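The values are calculated or read from the model by the stated rules, or taken from the named source; none is laboratory data. Just so it is clear, the model here is predicted, and its values are computed rather than measured. Reconstructed Cβ throughout: ideal geometry from the backbone, glycine too, with neighbour counts over all protein chains shown. For accessibility, only protein heavy atoms count, side chains too; no ligands or nucleic acids. Shrake-Rupley method; radii C 1.70, N 1.55, O 1.52, S 1.80 Å.
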Amino acid sequence: MERKFTEQEEIRRKKLGELINSGADPYQVLRFDRNYNSATFKQAFEKYTKDELHSNTSKVTIAGRIMAIRQTFVVIKDFFGRVQLYIDRKSVESKYLEIFNNSLDIGDIVGIEGTPMKTNTGEVTVRVKTITLLSKALKPLPEKFHGLVDEEGRGRHRYVDLIMNDESMNTFILRSKIVTTLRKFMEQEGFIEMETPVLQPIMGGAAARPFITKHNVLDRNFYLRVATELHLKRLIVGGFEKVFEIGRIFRNEGMDTTHNPEFTTMEAYWAYVTMYDWMELTEKLFKVIAQELKLTSIKYKDVEIDFSKSFKRINMVDFIKQETGVDFDKDIKTTEDAIKIAGEHHVKFEEHQRSRGHIINLFFEHFCEKKCSTPTFIYGHPVEISPLAKKNSKDPRYTERFELFICQKEYANSFSELNDPIDQFERFNSQMKEKSKGNIEANEMDIDFVEALEYGMPPCGGIGIGIDRLVMLFTNNESIRNVLLFPHMRDEK
């Protein structure tokens, strides 16, 4: 493969060749021992005056990437921040001055030995004694203000984005902290973390379009999992009472600001409780994350979210009546009624959605979802759109299920889990009929799961929480690409 280089890239390659010829190949350096990073260096010496540091001979060894060169001053960056270097041309040995003058470029990674000092402006700085080139950057970094700013470029070249944008680096540090807080919270609540298969012979656990791959030894197709639900519930059958999994999920669907084909969820199952127990625990979880991030409130999409307040709760059918005046419980009792009212309100539906329950959900999506700005639990979902949730004992047209919406987006989905194997078998059959009518997201018949339920599963509440959207919320990012280190991207044109 032939490659073409820019003039700047050619110049850098020439400098590298000269270094190699002189016996100073930077890529052969194995180790550089540091006694400070940018943060600890400043903490150690900021308390001193300029005069006090003038006579301070403390040895400082520090390393980082060159971000700026201004005459005899250099700024380097490490994971903890930035620090300034000063090259005194009168006192630095000639061989190191030669490196500084002829070998260094912005983007190079250097190791420095020196002493602490302060400039006339009071900035704590390293007075350079020796310079070791640890890695030569053969590509120039983007220009600071007009370089890597578009979302697609940042996602495609995340490593450059992390170098150039401190805000992006902070987002992924916060992501790690959010996941750690979530895991710690679940463990403190008595849940045990589990691992379930990514490759699955049957597509189930969620309404989604799967990725399909070939298992050569077994000579059959497998699905990349669209959910962890059915395997985790098998563990509840087996005797575990509180389980959770934080893991990757794969759905072969579209990409937009809130969807990526590969994403992370936390699913959890809790024996002997209902979805209402999960409402309480979910609200507590969100508030604990806010506390851990030292946030009493956040502003997201121009909406102020106060985590000191209780989350709103509203029934889906009641919400539709509130927004449209249509009372599905009182007036819309048949599929024909639902189809007629959908036409009157210009709500379109597919063939597999030709039912009262599907049309209720479409009414919610059209008229109510946009009103869910502050944290809102929506409950009372129709049975047609909830194949794994327990039916409401007072009205079997609905299920014991809720979704948490914030700023018009779903953040959590919870059921009082269906544990009736006969009902579950019938619902899988209904899903298969929808599949035959063109619903490519319908669940398949999982007879092993049905048989697991036939051994007896206790009453159980389950939940799924989207980690990526959670991070978007708490880092004030409106695109999922900005909270995924390596999002899926279309080919460059």
With an 8 Å cut-off on Cα pairs and a minimum separation of 6 or more residues, tell me the relative contact order of segment 404-453 in percent. 31
Area accessible to solvent at residue 52, 1.4 Å probe radius, in Å²: 100
Dipole of the chain, Cα-centred, from +1 at each Lys and Arg C-beta and -1 at each Asp and Glu C-beta, to the nearest 20 debye? 1820
Would you tally the net charge around residue 17, using a Cβ to Cβ cut-off of less than 12 Å, leaving residue 17 out, and scoring K and R as +1, D and E as -1? +2
Using a 1.4 angstrom probe on the protein heavy atoms only, could you order 99, 112 from most to least accessible area? 99, 112
Counting only protein heavy atoms and using a 1.4 Å probe, what share of the accessible area of the chain belongs to carbon plus sulfur, as a whole percent? 49
In terms of the alpha carbon gyration tensor, root eigenvalues a ≥ b ≥ c, rounded if a/c is under 1.5 and otherwise prolate when a/b exceeds b/c or oblate, segment 273-331 is oblate
Taking 8 Å as the Cα distance limit and 6 or more residues as the minimum spacing, I'd like the relative contact order of the chain as a percentage. 13
Distance from segment 34-92 to segment 333-353 (C-alpha centre basis), Å: 69
Charge tally in the Cβ shell below 13 Å around residue 159, where Lys, Arg are +1 and Asp, Glu are -1, residue 159 excluded: +4
Length-normalised contact order of segment 103-144 in % [C-alpha pairs under 8 Å, at least 6 apart]: 47
What angle, in degrees between 0 and 90 and rounded to the nearest 10, separates the Cα long axis of helix 7-21 from the longest principal axis of the Cα atoms of the chain? 60
For segment 145-253, which semi-axes, largest first and in whole Å, follow from the square roots of 5 times the eigenvalues of its Cα gyration tensor? 33, 23, 10
How about segment 85-147: which chymotrypsin sites (Phe, Trp or Tyr not before Pro) there lie in a loop by DSSP and see at most 14 other Cβ atoms within 10 Å? 145
Run through segment 331-417 and list the GluC sites (Glu not before Pro) located in a DSSP loop whose Cβ has at most 16 other Cβ atoms within 10 Å. 350
To the nearest 20 Debye, how big is the dipole of segment 1-123 about its Cα centre, given +1 on the beta carbon of each Lys and Arg and -1 on that of each Asp and Glu? 200
Could you pull the accessible area for residue 156 with a 1.4 Å probe, rounded to 10 Å²? 60
Reachable lysines from residue 309, criterion Cα separation under 20 angstrom, eight or more residues apart if same chain: 284, 287, 294, 299, 301, 371, 409
Filtering chymotrypsin sites (Phe, Trp or Tyr not before Pro) in segment 315-353 by DSSP loop and by at most 16 other Cβ atoms within 10 Å leaves 349
Residue 448-residue 5 pseudo-label distance in nm [points 7 Å out on the Cα-to-Cβ vector]: 5.4
Taking the Cα centre as origin and putting +1 on Lys and Arg beta-carbons and -1 on Asp and Glu beta-carbons, what dipole magnitude results for segment 73-232, to the nearest 20 debye? 220
Using only the alpha-carbon atoms, how far is helix 335-344 inclined from the longest principal axis of the chain? Give it as 0 to 90 degrees, nearest 10. 50
Accessible area, 1.4 Å probe, largest first: how do 248, 34 sort? 34, 248
Of 83, 109, 133, which is farthest along the charge dipole of segment 1-147 in the positive direction, counting Lys and Arg as +1 and Asp and Glu as -1 at C-beta? 83
For a quick check of understanding: with a 1.4 angstrom probe and all protein chains in place, what accessible area in square angstrom does residue 331 have, to the nearest ten? 90
Do the sum for the chain: with -39,500 (n - 2.57) for every DSSP H run of n ≥ 4, divided by all residues, what is the mean residue ellipticity at 222 nm, to the nearest 500 deg cm²/dmol? -10000 deg cm²/dmol
Can you tell me the length gained on complete extension of the stretch residue 337 to residue 215, counting 0.36 nm per residue apart and subtracting the Cα distance? 39.2 nm
Aspartates and glutamates whose Cα lies under 18 Å from that of residue 435, excluding same-chain neighbours fewer than 8 positions away: 253, 350, 351, 384, 426, 444, 446
Mind checking the per residue accessible area of the chain for me, 1.4 Å probe, whole number of Å²? 52
Candidates (i) 213; (ii) 163; (iii) 154; which is the computed volume of the Cα convex hull per residue in Å³? (i)
By a straight-distance test (C-alpha under 17 Å), which lysines pair with residue 4 as possible cross-link partners, with residues fewer than eight away in the same chain excluded? 14, 139
